[in-house]
Amino acid sequence: MILQEVKLTGFVLVWNSWVIPQLHSVIHLTLTRPDLIVKCSMYVKTTQRDGLLSYIGSEMIPDRPVPDYLSLELRNGKPVFKFNLGSGAGEIVHPWDIADGNWYKLTAERIGKTGYLKVNRDEKLGEPELTREGNSSGTFTVLELNPVTTKFYVGGVPDVILVPYGVQRANFEGFIEDIAFDESPMGLWNFLYGENNYMGAIERSELRTRSTTGFRFNGKGYVILDASEINFKPNIKGSIILQFKTYARNGLLMYMGKGRDFTSLELRDGRVLFQYDLGGMPAKLMSNRTYNDGEWHKIQAERFKQNGSLLIDRGDSVRGASPGTLSELAYTNDIFIGGYNKEELPVSKYVESTGFDGCIENVQFDTNKIDLNRNKVALGVIRGCPDQTLRTATFRQGQISYVAFPSDSVGVNFDVTFRMKTLSNDSMLLYTTNDDQTTAFSVSVVDGRVIVTSNPGNDLTRLESTVNTYNDGRWHYISIMKMGNKLMMNIDDQEMVNKTARTFADNVVTERPLYFGATDFTVAENLVGSTQPFFGCMSDVTINGRFLNFAEIPENYVNSVSFTECPLEDPEIDITIVPTLPPIVTEPTDETIVETTTPEVRPCALPLNTDLTGEGGTVDGTRFGIQRDSRQELSTLVSRLRVRSKMSVDIRTVASTGLIFYTADANHVDSFSIFMRKGKVVFQFNCGTGLAVITSIKEYNDGNWHNIEVYRNQKRGTLTIDGELVGEGESAGSTRSLNVYPPHYLGGLPDDVAEKAKKNLKDASGSFIGCIKNFKSMDKSIPEASITNVGSIQQCNSRLESGTFFHTDGGYVQLYENFNVGLDLSFSLSIRPRNLTGVILAVHAGTNSGDFMLLEMVNGQIVFKADNGKGIFTARYIPPLENTMCDGNWHYIEASKVKNVLLLKVDGSELNRGVGEAGTSETNTNDELFLGGVPDLNRRGVEANGNFIGCIRNFELDDVPQYPGSGTIFGSVKTDSCPVM
């Protein structure tokens, strides 16, 4: 329990170098940024007339500039809030005299250059609340608190410490309770250093909030409950009920477990996820709808042995079961609510690591209702659930993301401040105009520069930063002021530019809302630096000195924007503070021993977790091959193919086989096709009496773009690749005209058509695995209205490539329900792992007995196993280095089972063999074939301790391409693409 109240006649040092202390010998915090907005609150009771309540800032050093600081003081009984941003102090004196022995709540908040001092009191004393405001002088807007030297003093400062001139030095005498900084509570008994503050005090009875059993979580804290104290024993069965509200898309609501066993409640992309793992693989029960709308929602999650159910708000219901045969949950007595201790607790890789940002209350385990105030540990929480302030908006790439804020006209004088972080080269930050767009005001990023435009009508003023690196993914603090016909811009308190309009026109009349990020109408390009939608983050927006709380904006004024912490990682300063302890005197020794440890180095080149969105990549072409029938259907080819036909297309692939284009008559006699087989390009047509087959000599599945052009004039045809004639031929028989009918197919075929087309295409009837662009017929592009996308296709992105990605959360694909290995089977695939151990391919006739075939990676070795009924036999590839297989490159595996012999080759290595006992040649399976993992790691022959993590592509069974996207997906698997890095 953290005590919140103390009687002071001296002072306490609560923070040292931005560190909120806990009861540990070493305190650690990661620093990211200064702030445009800072808020500090406390409850105070005193009869003293003068004294320092708190000081946040660095020590004043003679002959040095005054440091940025905040102070809260008493002067002649009245609260005083002072703040200095580096260009002059601001001071706010509240009119109430609070030195009367009653409890008061003081809240000091700074937003940009504007400060607010609010005082609350008991209604019996008069008006319950009064706020005063004031401004700092100068142009600076950012509070720069030095991450090394900043301290937070409460009740006074030591005699040896110098503070800026004008800050009260008298020590405070009285009571202080419930200090919070940026709404995070701070205990007053776990300070770093103090004097004359050793008396506790009775907790106040005035100004109490309503009694509640819940907490507000800040996304970085948690509460620990003791399962034994609340009599919760979920080994066989258990139920969990709680209510929550949040705007966050992701966050951990509850977790408990032991080893690999666990049960959890989470938010994933706004959906509620109930998971439990009893020792095999986790059951995942996901809600059908999203619930991060800022409203209260009730969760009921229950488990009985392997079976589970999830119910949200009495309407959204899901049931499921964990795979395997295990039915009991192992657990410790620690129940984590809202997050967990990442440094001390090895939580399962399947569990969301993001802490919960929102409110949780009315928690119940089985039939026991729980008061979260009765906890073992509470960190980063506030009692109750105060209204949430949404400071940060995240705008999504590739979408029209915007927030529209109804506002008064820009007029003669206008100012706006905000923080911005982006990687975008050109994008719109802010735009507003009148109804006919003859006047406008805008802020944009153009080639990394910040551009401001102001146009009162036929007189556009353009203000441009000189620095061109504001799209570097770091937070930047932008303050823009319009004063009559003059524009001023301050960025990071480092760059200040201004410009005066050529005319005296100064009134920018605007009637539409202030749009942040993009608009829902077409913008006049001459009025704005960029019309491209913004992607990145904006935070701490103030308009004419008033803070913009995104939570107060109506839903219909927001499009494709999330209000959570910015997903772009901040540049970080890492600081460890070791509190000064009394010296320990020991006898001198002859030797001093210094122990050093070498940090563990991950042996794999690629990180376990990576960006899967392709954000920031270049879009070029259309990706096919995600599913077996991925395709575009064309209703016209601009001109008929009857006598002459000419087509051209650009392709890029690393797959060996796949369909590029196909059209035919109803009986698939007359046909015209382009496809790849074993890396070579094939052009084929039949006018009704015989095929013409023209095949390239070279292979073109090298991952580069290649241009293919095919031409047919009656019976004769040519194939040209990259401008070089690579083949020509003539169809058999006497017919010369080609009779084909729509739909024509680009990139793949529907299953029923593929079955009929096999006589023409043989093994190349599956979808093309790779990228296609610039398809033309008779040198003309196909009209967009004539193209229908069918199956799963997407844009090609330079940061993504073809393949299937298996997440660290664990997952696998069931490709076939009844697969027979039989006498002989060959397969090949390419892998790019992100760890050294995992199941790659498996089919088992039984979990603990029976025939099976298995491919896995164990400690960097590739292991191929099978059992025909007389015992396991193995072929093993041992690479030259342990981490060779996860060096960041693709590795090609070829494997064959020939009767009782296994053959294995990796990256063209020498053949590795495994021989089973003679007399049995057939592997009798009629069971599920899994790719990337198995439901239960206890299956026969499995040495790997987890499923595969990384990418798999170009999987072929007996030279026939396989399409994981057409299988059944379990767990976290991305079948449409793989990250390049």
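Structure data summary
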quantity	calculated
Theoretical gain in end-to-end length, ARG319 to THR47 [0.36 nm per residue, Cα-Cα removed]	91.7 nm
Shape box of region 206-270 [Cα atoms, principal axes, largest first, Å]	45, 32, 19
Unpaired by the 4.7 Å Cβ criterion, cysteines found in the chain	CYS40, CYS687
Label-to-label distance, nm, for residues given as ALA330 and LYS870 (7 Å Cα→Cβ offset)	3.9 nm
Amide proton proximity set for ASP366, modelled H, under 5 Å, gap of 5+	SER239, ILE240, ILE241
Karplus (6.51, -1.76, 1.60) ³J(HN,Hα), θ = phi - 60°, over region 325-337, in Hz, Gly and Pro reported as x	10, 6, 9, 10, 9, 8, 7, 9, 7, 7, 10, 9, 10
Two-decimal log10 I(q)/I(0) for region 345-396, as the Debye equation yields it once each C-alpha is a single scatterer, q = 0.14, 0.21, 0.27 Å⁻¹	-0.61, -1.10, -1.21
Charge tally in the Cβ shell below 10 Å around LEU125, where Lys, Arg are +1 and Asp, Glu are -1, LEU125 excluded	-3
Aspartates and glutamates whose Cα lies under 17 Å from that of LYS776, excluding same-chain neighbours fewer than 8 positions away	ASP620, GLU633, ASP650, GLU709, ASP722, GLU784
Set of lysines near LYS905 by C-alpha distance (under 19 Å), chain-local residues within fewer than 8 positions excluded	LYS678, LYS865, LYS897
Helix 751-761 axis, angle to the chain major axis (alpha carbon atoms, nearest 10°)	50 degrees
Rg over Rh, two decimals, region 622-666 (C-alpha only, Kirkwood Rh)	0.98
Rounded accessible area per residue of region 280-432, 1.4 Å, Å²	45 Å²
Å² of accessible area per residue within region 434-483, as computed with a 1.4 Å probe and no ligands counted	35 Å²
Mean ellipticity per residue at 222 nm, deg cm²/dmol - from DSSP H runs of n ≥ 4 across the chain, formula -39500 (n - 2.57)	-500 deg cm²/dmol
Extreme residue, positive dipole direction of region 645-753, given options GLY717, ALA664, VAL654 (C-beta unit charges)	GLY717
The chain, accessible surface, carbon-and-sulfur percent (1.4 angstrom probe)	47 percent
All-pairs Cα distance distribution in the chain, expressed in whole percent, bin size 10 Å	2, 9, 15, 18, 19, 16, 11, 6, 3, 1, 0, 0
Formal net charge of residues neighbouring ASP435 (Cβ-Cβ distance under 15 Å; K, R +1; D, E -1)	-2
Integer Hz, Karplus 6.51/-1.76/1.60 couplings in order for region 215-226, x for Gly and Pro	9, 9, 9, 9, x, 10, x, 5, 10, 10, 9, 9
Distant-in-sequence amide H partners of LEU691 (H built 1.01 Å from N, under 5 Å)	ALA732
Length released on extending from GLU817 to ASN609, taking residue separation times 0.36 nm less the Cα-Cα span	71.8 nm
Solvent exposure of region 879-969 as accessible area per residue, Å², 1.4 Å probe	41 Å²
Out-of-range pairs (alpha-carbon distance over 21 Å; input LYS284/LYS305; LYS349/LYS974; LYS421/LYS499; LYS39/LYS298)	LYS421/LYS499; LYS39/LYS298
Relative contact order (percent, whole number), the chain, Cα cutoff 8 Å, 6+ residue spacing	10 percent
Accessible-area value, MET420, 1.4 Å probe, nucleic acids and ligands omitted, Å²	0 Å²
In region 915-945, the GluC sites (Glu not before Pro) that fall in loop regions by DSSP, at most 14 other Cβ within 10 Å	GLU917
Long-range amide H partners of TRP705 with built H, under 5 Å	none
Size of charge dipole - the chain - debye, nearest 20, with Cβ of Lys, Arg +1 and Asp, Glu -1, no other charges	2200 debye
For region 887-894, 3J(HN,Hα) per residue [Karplus equation, 6.51 cos²θ - 1.76 cosθ + 1.60, θ = phi - 60°, Hz, x = Gly/Pro]	8, x, 9, 6, 10, 9, 10, 10
FRET efficiency estimate (nearest 0.05) - Cβ-Cβ, ASP293 to GLN794, R0 22 angstrom	0.20
Using a Förster distance of 51 Å, the FRET efficiency for ASN526-ASN146 (Cβ separation, nearest 0.05)	0.70
Most positive-pole-ward Cα, PHE775, THR925, ILE176, against dipole of the chain from beta carbon charges	PHE775
Computed Kirkwood radius, in angstrom, where 1/r is averaged over Cα pairs of region 828-933	14.1 Å
Sum of side-chain charges, ASN368 neighbourhood, beta-carbon under 13 Å (Lys, Arg +1; Asp, Glu -1)	-1
Rounded FRET efficiency, nearest 0.05, which uses the C-beta distance separating ASN774 from VAL693 and R0 of 41 Å	0.95
Distance in nm between pseudo-label sites at ARG169 and ALA918 (7 Å out along the Cβ direction from Cα)	10.1 nm
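The values are calculated or read from the model by the stated rules, or taken from the named source; none is laboratory data. Not measured: the values here are computed from a predicted model. Every residue, glycine as well, gets a Cβ built from its backbone with ideal geometry; the counts of neighbours run over all protein chains shown. The protein model used for the area step is the full one, side chains on, heavy atoms only, and it has no ligands, DNA or RNA in it. Shrake-Rupley method; radii C 1.70, N 1.55, O 1.52, S 1.80 Å.
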